[in-house]
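In what follows, a structure is listed as structure tokens, so that the remarks can point back to it.
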Amino acid sequence: MRNIKDYNLDELKEELVSIGEKPFRAEQIFKWLYQDRANTFDDMTNLSLSLREKLKSNYTLGDFKILRKLVSKDGTIKYLFDLGNDNAIETVLMEYHHGNTICVSSQIGCRMGCKFCASTGIAFGGNLTSGQIVQQLLEVEKDTGSKISNIVFMGIGEPLDNYDNVINAIRIINNPKGLNIGARHISVSTSGVVPRIYDLAKENIQCTLSISLHATNNEKRSSMMPVNNMYNIEELMKACKDYIAMTNKRISFEYALAKDNNDNLEDAKELVKLLHGMLAHVNLIPINSIENGKYTKSTNENIIKFRDYLNDHGIVATIRRELGSDIDAACGQLRKKNLKED
Ligand code: SAH
């Protein structure tokens, strides 16, 4: 049985026609799913009984069970959701002054192998479907009763390695008849899968693109991020410049500062050269140490010096506030633990 939330509105129309229904039924169902938040097909009272029966026997609603929920001192909440088949994913809800932000996972594990990230080293369990991506938001809103205003694809997984499902999920989230979250409130973060950056530029979706840069030369970046061996910095920066030219949108560059690795003034100078004249913003992240990882956080003093150097040289840079570190919910800390553990 297929998850009915895997279909965007156009696809759902086609699907309903294929089972002998009128296309407008899709709009009614979409409204039940994303606006009225129906928990069962029986709740969909403006559909005929026979259609409800048909839906029940052909589709699921794709809801998750909460396996674990951890609440941080700063209010950040981390969820572990059961996907069935012994698989689970993590989702984080953060409160910022500009609203609630949800950090969603796009895959069960990750294939990119970044050396500083806790998702590296867990067995890759495959792509999430669009419905499973969207469901993270529905479950969190249901559990907390609060409205989510921003969504970032910065949980477990490489969104551009699950391109079709991520784009489809964005279409459902963005659709005024769906979850109706404006594209400008949706960010997609990538380790640098260059061909998909070009694809994204052509999608006509106004979401924000974040690039996990973390180093300014190939030697250093390859030592931190194996994806750099496939698409090097020159190719990545060309793709970013082309993306900006095609979309006229600013790119956000993520730069996780690790002590004595990429946090000295030489690095800051190289970063200024790399981003010179680009429509860009730099997000500095104090790197989070992971178990058996070789990177440790830069000192606060270095982080501030790094930011100031960038700002003084025409690059807008901010330091990302760390949230949820006491519940292992900070950047790069998400890790699907063995369900039998603790
Ligand atoms: N795969 C995507 C999105 C998931 S990671 C990507 O690479 O962008 C979300 C962000 O957290 C990325 O910028 C990633 O580089 C960063 N990150 C991963 N591990 C981290 C760590 N230990 N400390 C700080 N940031 C980390």
Using bins 10 angstrom wide from zero, how does P(r) for the stretch 31-127 break down, in % of all Cα pairs?
13, 30, 32, 19, 6, 0
As straight-line cross-link partners of Lys73, the qualifying aspartates and glutamates (C-alpha separation under 13 Å, not fewer than 8 residues apart within one chain) are Glu95, Glu322, Asp326, Asp328
If DNA, RNA and ligands are ignored and the probe is 1.4 Å, what is the ranking of Arg221, Arg321, Arg52 by accessible area, most exposed first?
Arg321, Arg52, Arg221
Skipping prolines and chain starts, which residues have an amide H placed within reach, meaning under 5 Å, of the one on Ser187, given they are 5 or more residues away or on another chain?
Ile151, Val152, Phe153, Thr208
What does the charge count around Leu179 come to, taking other residues whose C-beta lies under 11 Å from its C-beta (Lys +1, Arg +1, Asp -1, Glu -1)?
+4
Would you mind checking which residues have amide H under 5 Å from Ala256's amide H? H placed 1.01 Å from N; only 5 or more apart, or other chain.
His214, Ile285
Burial ranking of peptide ranges 127-139, 57-69, 145-157 (average Cβ count within 10 Å, highest at the top):
127-139, 145-157, 57-69
Local net charge near Ala317, Cβ-Cβ under 9 Å (Lys/Arg +1, Asp/Glu -1)
0
Largest to smallest accessible area among Thr216, Thr299 [probe 1.4 Å]:
Thr299, Thr216
Taking θ as phi - 60°, what are the ³J(HN,Hα) couplings along the stretch 290-296 by the Karplus curve (6.51, -1.76, 1.60), each to the nearest whole Hz, with x for Gly and Pro?
10, 3, 6, x, 9, 9, 10
Compute the orientation-averaged projected area for the chain from the convex hull of its Cα atoms and round it to one decimal in nm².
17.5
Fraction of beta bridges assigned by DSSP in the stretch 84-211 that are antiparallel (%, nearest 5)
40
With θ set to phi - 60°, apply the Karplus curve 6.51 cos²θ - 1.76 cosθ + 1.60 along the stretch 217-229 and write out the HN-Hα couplings as whole Hz, x wherever there is a Gly or Pro.
10, 5, 4, 5, 5, 5, 5, 9, 9, x, 4, 5, 6
Is it possible to state the helix-based mean residue ellipticity at 222 nm for the chain, with each DSSP H run of 4+ residues giving -39500 (n - 2.57), the sum divided by total residues, to the nearest 500 deg cm²/dmol? What is it?
-10000 deg cm²/dmol
Read phi for every residue in the stretch 31-40 and hand back ³J(HN,Hα) as whole Hz from Karplus 6.51 cos²θ - 1.76 cosθ + 1.60, θ = phi - 60°, with x for Gly and Pro.
5, 4, 6, 9, 10, 8, 6, 4, 9, 9
Cα-only radius of gyration and Dmax that characterise the stretch 95-178, units Å:
13.4, 41
If I compute solvent accessible area with a 1.4 Å probe over the protein chains, what percent of it on the stretch 240-308 is carbon and sulfur?
46
Any of Lys241/Lys297; Lys22/Lys65; Lys69/Lys305; Lys5/Lys147; Lys13/Lys78; Lys78/Lys297 with alpha carbons more than 25 Å apart? Name them for me.
Lys241/Lys297; Lys22/Lys65; Lys69/Lys305; Lys13/Lys78
Could you state the number of Å between the C-alpha centres of the stretch 42-82 and the stretch 180-246?
32
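The values are calculated or read from the model by the stated rules, or taken from the named source; none is laboratory data. The shown structure was predicted, so the numbers you read here are calculated from the model rather than taken from an experiment. Here the Cβ is made from the backbone with ideal geometry for all residues, glycine too, and neighbour counts use every protein chain on show. Note: accessible area is taken over every heavy atom of the protein model, side chains too, but ligands, DNA and RNA are not part of it. Shrake-Rupley method; radii C 1.70, N 1.55, O 1.52, S 1.80 Å.
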